[in-house]
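Single-structure report; data block below.
What follows draws every value from the coordinates through simple rules; no lab data is involved. Because the structure is a prediction, the values reported are computed rather than measured. All Cβ positions, even for glycine, are placed from backbone atoms using ideal geometry, and neighbour counts span all protein chains on display.
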Amino acid sequence: MKNFKNRIPPKTLSLLKKIGLLAEHRGETAYAVGGFVRDLFLKKHGVDIDITIEGDGVTFAEKLAHSTGSEVEAFTQFGTSIVVVPGFGKVDVATARTEAYEHPGALPRVQKSGIVQDLYRRDFTLNAMALSLSSDCFLQLLDPFNGLQDLKKGRIRALHSKSFEDDPTRIFRAVRFEQRFQTRIEAETQKWLLKSVKGEFIGRVSGERLRNELRLIFKEPYPERAVKRLKELGVLKHIHPSLDVLPRTSLFLSHIPLSIEFFHKLRIKLEEETMVWFQALLSGPNEEKTHALSKRLMLSRAEQKIVFQSAHAYPSLLKKLSQKNNPMSRIYSYLCPLRPEVQCFLLAASPITLRKRLEAYLKKIQTSKPWVRGKDLQAMGIEPGFQYSFILLEALNGQLDGKFKNRQVSLKWVKEKFAK
């Protein structure tokens, strides 16, 4: 298909041809599937490729890795592999399969199948399209469930009524795609989704899988819209009764992207960036409920530390920070012990006047280097010990509050007050 060839970068097109020929040589058939195909129609250029093999996907992946000098990681239980091709990126290779779920929320049992049965097991019709990589029908579209029509009409449609019961995490994906592509969940699909929500199937999903689905939502362009949609559909309460978007939370959700962007501009590292969003969801409950939520979502120790710092800081610390005539040194004493992720959340949750003051503080603290350091104290002959921390903090406070005009003045003050 000529129009597809024009949309596919030459390097990707060459790799697809190679994959198709390798499959033919092995007596198998290869297809490009899923998000890769969907994004071609949306004229979006993803990096990764999803490949489905009618045959033995694991062995095929090993052969592909060998022919391209790549590394491969296999997951034989599900017939899937990941091949990292040098100079290109990741290629997901899977055996065409059907899936059966012992109960809602369980991981599936898989069995080999043909490509149409493989497409039927997928979440939504827009992800159930494939392109043949065979040389005689290269890039020919296989669309047995009218995914292209749904994509053009802007609707998210599940393939069957048990879709959300089989895998309740598809609820989160439906909302994620709805917000990403600015589409809508088709009416009957939404009925199936709501039935699954009311059926308590979300409660059977592991905390790890739920946490990962929320993380994916928080990495979308408009997470605040997706979070509000999850509340609207009643999903949050079924993750945990204490999980909610309170009216005050709803107000500052839209400020979180701006706060994250502000931290990026100042080059303040957010090691757990998605935790800024998690704090917004977990900001309402008391400490006991926060602990229960953290346990339900199986947060790591580092993530729990962020959540509990936030629970202690919000909203009580905002009241202290909002006091008039707070010197920079006092703001520093409040914020310095907190993780950057917590500081970023507090910035988003602040009223506009406080937000401007906090932005000014963060700019100053990030661009100002302390004028007095430990080596300066040593040069003055001050004995090392616990007093070093006190002297350095006092010198920094004076610098932040404008007590000292420059380094020379601050050094003179230290020498007169502490040096023998």
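Worth a mention:
- Helix 10-25 vs. the chain, principal-axis angle (Cα, 0 to 90°, nearest 10): 40
- Ascending count of other beta-carbon atoms within 10 Å, so fewest first, for 353, 249: 353, 249
- Arranged from fewest to most other beta-carbon atoms within 10 Å of their beta carbon, 380, 129 become 380, 129.
- Distance between the modelled labels on residue 250 and residue 204, one decimal in nanometres: 3.2 nm (7 Å Cα→Cβ projection).
- Structural size metrics of the chain, computed from C-alpha coordinates, are Rg and Dmax of 27.5, 90 Å.
- Counting every C-alpha pair in segment 155-239, the share spaced more than 19 angstrom apart comes to 30%.
- Under Karplus coefficients 6.51, -1.76 and 1.60, residue-wise ³J(HN,Hα) of segment 383-392 in Hz, glycine/proline x: 5, x, x, 4, 5, 4, 4, 5, 5, 4
- Label positions at residue 329 and residue 390, each projected 7 Å from the Cα along the C-beta direction, are separated by 1.4 nm.
- Greater than 20 Å apart at Cα, pairs in 198/237; 364/405; 265/320; 269/403; 18/63; 11/153: 265/320; 269/403; 11/153
- Inverse mean reciprocal Cα-Cα distance (Kirkwood Rh) of segment 244-367, Å: 14.6
- Highest-first packing order for the peptide set 307-318, 329-340 is 307-318, 329-340, based on the mean count of other beta carbon atoms within 10 Å.
- Here segment 146-288 is treated as a Stokes sphere of Kirkwood radius computed over C-alpha pairs; at 20 °C and 1.002 mPa s its diffusion coefficient rounds to 133 µm²/s.
- Aspartates and glutamates whose Cα lies under 16 Å from that of residue 112, excluding same-chain neighbours fewer than 8 positions away: 28, 54, 56, 99
- Vicinal HN-Hα couplings computed from phi for segment 223-229 (Karplus, 6.51 cos²θ - 1.76 cosθ + 1.60; Hz; Gly/Pro x): x, 4, 5, 5, 4, 5, 5
- Amide proton proximity set for residue 185, modelled H, under 5 Å, gap of 5+: 156
- Treating r as the C-beta distance of residue 181 and residue 117 and R0 as 35 Å, the FRET efficiency rounds to 0.85.
- Rounded to whole numbers, the Karplus 3J(HN,Hα) couplings from phi for segment 81-88 are 8, 10, 10, 9, 8, x, x, 10 Hz, using 6.51 cos²θ - 1.76 cosθ + 1.60 with θ = phi - 60°, and x at Gly and Pro.
- Near residue 45, once Lys and Arg are set to +1 and Asp and Glu to -1 for all other residues with Cβ below 13 Å from its Cβ, the sum equals +3.
- Distance from the C-alpha centroid of segment 233-295 to that of segment 1-71: 38 Å, rounded to the whole angstrom.
- Electrostatic tally near residue 67: other residues with Cβ closer than 15 Å to its Cβ, Lys and Arg +1, Asp and Glu -1, net 0.
- Close amide H partners of residue 97, meaning residues 5 or more places away or on another chain with modelled amide H under 5 Å apart, are 113, 118.
- Peptides 219-232, 161-174 ranked from most to least packed by the mean count of surrounding Cβ atoms within 10 Å: 161-174, 219-232.
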